[in-house]
Amino acid sequence: GESVGLHLPTLSVQEGDNSIINCAYSNSASDYFIWYKQESGKGPQFIIDIRSNMDKRQGQRVTVLLNKTVKHLSLQIAATQPGDSAVYFCAENGEDDKIIFGKGTRLHILP
Amino acid sequence: KAGVTQTPRYLIKTRGQQVTLSCSPISGHRSVSWYQQTPGQGLQFLFEYFSETQRNKGNFPGRFSGRQFSNSRSEMNVSTLELGDSALYLCASSLEGMRYGYTFGSGTRLTVV
């Protein structure tokens, strides 16, 4: 069946360090993946996406890595800041192009 | 440009009642999707509308329904509310569908008592 999961429900990172949030997906037919950030009281906000014909994509302070062999996705945030505190979701295109979300990882920034 | 607007932001209803939630997509966006978010189940897909037609549907009972108007605004309705329907209901819009990126609204927090 379709499912997208994350390895850790909570991640604590020192301010200024790099954060790595991991995600495993099960649908080998998925060809489009997205990372979302959700702050308290808000809806998910698009961070970065990647298509299956790529292994890596970089944005501003964020990098997404895709390993199709092991069906693994990761989000790297450079120089983590207090404003990065949020829940991060990975998502994939499921059957009929529905977005399937993972459970989410809460990122805590330590001062 | 204005983002996705959901109304109301908060709602308290009693078991057995029905509720209607509204979503105004970004201007020009024709696809509107609805999601239910709960702590236990995370984000669950409800349905997607495109040009007034339901294009996709998730695994929710028939008590959950929706529609889309000619101006792309969408409503979802939940009849015979149950305690388990308490959740944050999120609406997302995009130009054509998920492959083109979704923009989410801030959601409607529904509490069923």
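For the protein assembly as shown, the extents of the C-alpha atoms along the principal axes are 48, 38, 37 Å, listed from largest to smallest. Computed 3J(HN,Hα) for segment B:17-34, one whole-Hz value per residue from the Karplus formula 6.51 cos²θ - 1.76 cosθ + 1.60 where θ = phi - 60°, is 6, 10, 9, 10, 10, 10, 9, 10, x, 4, 4, x, 7, 9, 9, 10, 10, 10, glycine and proline marked x.
Based on protein heavy atoms only, segment A:8-111 ends up with 48 Å² per residue of surface accessible to a 1.4 Å probe. Charge dipole of segment A:1-97 (Cα centre as origin; +1 on each Lys and Arg Cβ, -1 on each Asp and Glu Cβ, all else neutral): 260 debye, rounded to the nearest 20.
Rounded to whole numbers, the Karplus 3J(HN,Hα) couplings from phi for segment A:39-45 are 8, 4, x, 10, x, x, 10 Hz, using 6.51 cos²θ - 1.76 cosθ + 1.60 with θ = phi - 60°, and x at Gly and Pro. For the residue pairs A:Lys68/A:Lys98; A:Lys42/A:Lys103; A:Lys42/B:Lys57, the alpha carbons lie more than 22 Å apart in A:Lys42/B:Lys57. Dividing the radius of gyration of the alpha carbons in chain B by their Kirkwood radius gives 0.95 for Rg/Rh. Taking Lys and Arg as +1 and Asp and Glu as -1, the other residues whose beta-carbon sits under 15 Å from that of A:Thr80 total -1. Of all the options A:Ser30, A:Ser40, A:Ser52, the one that moves most in a Gaussian network model of chain A with Cα springs shorter than 10 angstrom is A:Ser40. The distance separating the Cα centre of segment B:47-113 from that of segment A:24-78 comes to 24 Å. In whole percent, what relative contact order does segment A:14-68 give with Cα contacts below 8 Å and a gap of six or more residues? It comes to 24 percent, rounded to a whole number. Shielding value for A:93-106 is 5, the average number of Cβ atoms from other chains within 10 Å of each residue's Cβ. For B:Gln18, what is the net charge nearby, where nearby means another residue's Cβ is under 15 Å from its Cβ and Lys, Arg count +1, Asp, Glu -1? Overall, the nearby charge balance is +1. Highest GNM mean-square fluctuation among A:Lys71, A:Lys98, A:Lys37, for chain A modelled with Cα contacts below 10 Å: A:Lys98.
The values are calculated or read from the model by the stated rules, or taken from the named source; none is laboratory data. What you see is a predicted model; the values in this text were computed from it and never measured. Glycine gets a Cβ as well: all are built from the backbone with ideal geometry, and neighbour counts include every protein chain shown. Protein only, heavy atoms only, side chains kept; ligands, DNA and RNA dropped before computing areas. Shrake-Rupley method; radii C 1.70, N 1.55, O 1.52, S 1.80 Å.
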